[in-house]
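Engineer: Sharing a structure, written as structure tokens. Questions coming.
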Amino acid sequence: MRHAVLGAGGVGGLVGGALARAGRDVVLLMRPETLERYGGRLSVESAVLGDFTVDVPAAPELDRDVDVLWVTPKATQLDAALALAPPERVGTAIPLLNGVDHVALLRARYSEVVAAAIRVESERVSPDRIHQASPFLIVDLAGAEPVGAELEAAGFTVRQRDDERTLLWDKLAVLGPIALATTGLDSSYGGVRADERYLRCQDEAIAVARADGAAIDERALRTMLTKVPDEMRSSMQKDVDAGHPPELDAIAGPILRGGERHGIPVPATHELAGLVTART
């Protein structure tokens with residue numbers, strides 16, 4: 001299969017580099033200012049895949065037909081990034097984005113979109129260097145089995161899911177409260193784990209997810225949270241610390257809007273979102 005990666009940051013660079021190392025045809029789509037500093041090779045330091053360097057070509061826009069477009073920019077950059085990938089060049093678009101609402105946005109542009117979510121801690125250290133620190137590298141896919149097979153061959157754990165609504169909310173119900181609490185309270189996860197505002201935000205996210213049609217397994221979710229290391233810092237927190245705009249609407253928005261839509265009070269989410277805004 002021919003792959004293009006839109007948004008070659010921590011997630012996109014990791015996906016593109018791993019697929020290229022596995023022998024797949026990959027092109028990275030980069031903004032001109034990033035492309036100028038990219039030398040054509042990616043160095044990946046991965047706790048799961050090991051360390052490797054691989055040639056991966058890059059281009060300022062998609063000028064060839066591809067089977068798969070991996071959509072991986074920050075939500076704050078999504079609209080501008082999509083201009084680099086014309087719909088007529090794309091077979092299937094697979095977003096690895098935070099939040100829920102982006103799937104409908106992409107379906108208005110591309111003929112085939114497969115919902116997906118990635119669980120990983122990965123960041124771009126420079127245009128040609130990716131650092132992936134988490135002991136897990138998991139992609140959930142609501143279809144596109146042949147694509148999943150290529151990811152597995154590249155070293156990812158892939159889980160096929162039947163219910164895309166649950167797939168998306170499963171991640172957001174975990175990510176949202178952690179991102180809002182660690183960023184708003186300016187602390188690692190260990191510092192917010194027992195904070196009442198974080199715990200209430202978690203309850204609100206689960207309630208809204210269920211009202212929105214997601215079959216959230218609360219016991220599994222809470223068991224997984226006990227395994228999150230105390231030193232973990234969210235990507236939203238890192239963005240704010242670096243002076244970048246946070247993905248506040250993508251992460252808090254579905255909980256806030258869903259609460260209003262379904263008549264579910266979400267005061268803790270409102271409070272933490274306000275604290276994040278105050279830090280930007």
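Engineer: With (1) in a loop (DSSP other than H, G, I, E, B); (2) exposed (fewer than 15 other Cβ atoms within 10 Å of the Cβ) as the list, and E152 as the residue in question, which single condition is left unmet?
Structural biologist: (1)
Engineer: So, in the stretch 67-98, how many residues would count as being under 14 Å from D140 (Cα atoms) and open to solvent by less than 20 Å² (accessible area, probe 1.4 Å)?
Structural biologist: Total meeting the criteria: 5.
Engineer: Got a sec? Which of P32, P57 is of a type outside the set (G, A, S), open to solvent by 40 Å² or more (accessible area, probe 1.4 Å), modelled with pLDDT of 95 or more and over 19 Å from A115 (Cα atoms)? Give the derivation first.
Structural biologist: Values: P32 fails: modelled with pLDDT of 95 or more.
Step by step, each of P32, P57 is checked, and only P57 is of a type outside the set (G, A, S), open to solvent by 40 Å² or more (accessible area, probe 1.4 Å), modelled with pLDDT of 95 or more and over 19 Å from A115 (Cα atoms).
Engineer: I've got another one for you. What pairs come out if I take residues in the stretch 170-197 that are over 16 Å from E247 (Cα atoms) and part of a loop (DSSP other than H, G, I, E, B) and pair them with residues that are among the charged types (D, E, K, R) and at pLDDT below 95 whose C-beta lies under 6 Å away, six or more apart or interchain?
Structural biologist: Final answer for the pair search is S188/E231; S188/R233.
For (1) touching a residue at least 60 places away in the same chain (Cβ under 8 Å); (2) touching a Cys at 6+ places or on another chain (Cβ under 6 Å); (3) surrounded by fewer than 18 Cβ atoms within 10 Å (Cβ to Cβ), each residue gets a yes or a no:
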{"residue": "R21", "(1), (2), (3)": "yes, no, no"}
{"residue": "L28", "(1), (2), (3)": "no, no, no"}
{"residue": "E36", "(1), (2), (3)": "no, no, yes"}
{"residue": "R41", "(1), (2), (3)": "yes, no, yes"}
{"residue": "S46", "(1), (2), (3)": "yes, no, no"}
{"residue": "D51", "(1), (2), (3)": "no, no, yes"}
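Engineer: Got a sec? Which of I178, I251, I206 is surrounded by 17 or more Cβ atoms within 10 Å (Cβ to Cβ) and over 26 Å from R124 (Cα atoms)?
Structural biologist: One residue alone meets the criteria, I206.
Engineer: Say we look at the stretch 155-175 and pick out the residues that are touching a strand residue (DSSP E or B) at 6+ places or on another chain (Cβ under 9 Å) and open to solvent by 40 Å² or more (accessible area, probe 1.4 Å); which of these is farthest from A47 (Cα to Cα)?
Structural biologist: E164
Engineer: Within the stretch 229-246, is there a residue that is more than 21 Å from V11 (Cα to Cα), surrounded by fewer than 17 Cβ atoms within 10 Å (Cβ to Cβ) and more than 19 Å from the chain's Cα centre (by Cα)?
Structural biologist: Checked against the condition, which is being more than 21 Å from V11 (Cα to Cα), surrounded by fewer than 17 Cβ atoms within 10 Å (Cβ to Cβ) and more than 19 Å from the chain's Cα centre (by Cα), the stretch 229-246 yields at least one hit.
Engineer: Let me ask something else. On the basis of being under 27 Å from R109 (Cβ atoms) and acidic (D, E), does D67 make the cut?
Structural biologist: In short, yes.
Engineer: Just to be sure I understand the filter: pairs with C-beta atoms under 6 Å, separated by 6 or more residues or on different chains, first member in the stretch 211-227 and farther than 10 Å from D170 by Cβ and assigned to a helix (DSSP H, G or I), second member open to solvent by 50 Å² or more (accessible area, probe 1.4 Å) and not acidic (D, E). Which pairs pass?
Structural biologist: A211/H262
Engineer: Further question on the same structure: Against the definition (free of Cβ contacts under 8 Å to residues at least 40 places away in the same chain, within 18 Å of G16 (Cβ to Cβ) and not hydrophobic (A, V, I, L, M, F, W, C)), how does E152 come out, yes or no? Walk me through how you get there before you give the answer.
Structural biologist: Values: free of Cβ contacts under 8 Å to residues at least 40 places away in the same chain: yes; within 18 Å of G16 (Cβ to Cβ): yes; not hydrophobic (A, V, I, L, M, F, W, C): yes.
Yes, satisfied.
The values are calculated or read from the model by the stated rules, or taken from the named source; none is laboratory data. Bear in mind that the values here come from a model prediction, so they are computed numbers and not experimental data. Cβ coordinates were reconstructed from backbone atoms using ideal geometry, including for glycine residues, and neighbour counts include every protein chain displayed. Each accessible area value is taken on the protein alone, full model and side chains, heavy atoms only, with ligands, DNA and RNA left out. Shrake-Rupley method; radii C 1.70, N 1.55, O 1.52, S 1.80 Å.
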